Amino acid sequence: MEYRNLGASGLRVSALGLGTMTWGRDTEQMEAADQLADFVQAGGNLIDTATSYGGGAAEDLLGRLTSKGGVVNRSELVICTKSGTRRQGGTSVVDASRGNLLSCLEASLRRLRTDHVDLWLVQSPDRFTPLEETLSALRLAVSSGRARYVGLSNHPAWMASRATALLPPEVGLAAVQHEYSLLARTVETETVPACLGLGMGLMAWSPLGRGVLTAKYRHSIPADSRAATSHLAGFVQPYLNSAAAAIVDSVVAAAEGLGVAPLDVALAWVRCRPAVTCAIMGARTAPQLSVALGQADLVLPDAIDEALTEVSALT
């Protein structure tokens, strides 16, 4: 599997990352263990998780699988986790205050059974906390050794740009994480230019369009899919429309011509976009992940890349 520097930093990560959003909830320990083992065997090293995934269950499961007696050694992985959201009264609340961020990081380290994370991201922008205060938590995390590199997730380009100006060079922003796929290309307007100009690596989450680009939803909603679950149906629904269907049809046609799966085409398109360091794929089962791992270094022919770029262009 191809390795790339995360932006202008010296951190080397696999071009395909393994997401853990469903771990500890829809993906049980044995299935997660198979995924992790297969991913590392294929050459992958970047594992993406968050404090909010399953209320900490994903981090806890990852910690069990990478601690002594687990399926993979911690030293083989680049672990990225995110903080800044918490549960309050049954709802998710954004809280990027210094106190909450550092408390979340400490809790993450306990669950992950490690003394540091390789990459720590602030999960969402907080309109009630000054950006300077949020950034002070990133500085403390790096200076104390609890995080090797830091970045922002789901923040607008202007906030990431301001953060790079406020942070000292020895800390810096190594990465920003955003949704990016053939069905979600708004990051190209401001975030991609900011990444290219400021040396931040773009980590693309949901590169399969929340699962829609696998073509599983072309004719119906499978009973075992995310769209069939009460907690993720609303996440998938925005892409179950005619505009998305036309793009999916083009992906399917390209996949048939190349003799690969639709998800391979969708992943290859994202991985080759300017500024993108890695595409983070979350699979519910090991067989689903294996399909992507089989074509992890696929490069689309120019004609297919251009056609997909044109059919999915922002309007």
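None of the figures in this text is laboratory data; all of them are computed from the coordinates on show. These numbers come from a predicted model, not from an experiment. Neighbour counts are summed over all protein chains in view; Cβ atoms, including those assigned to glycine, are modelled from backbone coordinates with ideal geometry.
For the pair E28 and E106, the difference between a 0.36 nm per residue extended length and the Cα-Cα distance amounts to 25.6 nm. Within the listed set L65, L240, L182, the residue fluctuating most in the Gaussian network model of the chain (springs between alpha-carbon atoms under 10 angstrom) is L240. Within the chain, the longest segment free of exposed loop sites, counting GluC sites (Glu not before Pro) that fall outside DSSP classes H, G, I, E and B and have at most 15 other Cβ atoms within 10 Å, spans 29-169.
Where both bridge residues fall in the chain, DSSP classifies roughly 20% of the beta bridges as antiparallel. In this rough spin-label picture, where each label sits 7 Å from Cα along the Cβ direction, the S242-S144 distance is 5.5 nm.
Among the trypsin sites (Lys or Arg not before Pro) within segment 9-100, which fall in a DSSP loop and have no more than 11 other Cβ atoms within 10 Å of their own Cβ? Of the trypsin sites (Lys or Arg not before Pro), the ones in loops of segment 9-100 whose Cβ has at most 11 other Cβ atoms within 10 Å are K68. When shorter helices are ignored and each DSSP H run of at least 4 residues is given -39500 (n - 2.57), the per-residue value for the chain at 222 nm works out to -11500 deg cm²/dmol.
Near the amide H of G17, within less than 5 Å, lie the amide hydrogens of A279, I280, M281, all on another chain or at least 5 residues away, with H placed in the peptide plane. Each principal axis of the Cα cloud of segment 31-99 was taken in turn, and the coordinate range along them, longest first, works out to 40, 22, 20 Å. A Cβ-based charge dipole, computed about the Cα centre of the chain with Lys and Arg at +1 and Asp and Glu at -1, lands at about 900 debye.
Residue-normalised convex hull volume from the C-alpha trace of segment 1-154: 109 Å³ per residue. Inter-label distance, F128 to Q88: 0.4 nm, where each label sits 7 Å from its Cα along the C-beta direction.
The trypsin sites (Lys or Arg not before Pro) of segment 112-192 that DSSP puts in a loop, and whose beta carbon has at most 14 other beta carbons within 10 Å, are R127. Cα extents for the chain along the principal axes, largest to smallest and rounded to whole angstrom: 52, 43, 39.
Charge tally around H116: other residues with Cβ under 13 Å, Lys/Arg +1 each, Asp/Glu -1 each, net +2.
Of the residues T91, Q35, G63, the one whose Cα sits farthest towards the positive end of the charge dipole of segment 1-108 is T91 (charges of +1 on Lys and Arg Cβ, -1 on Asp and Glu Cβ, taken about the Cα centre).
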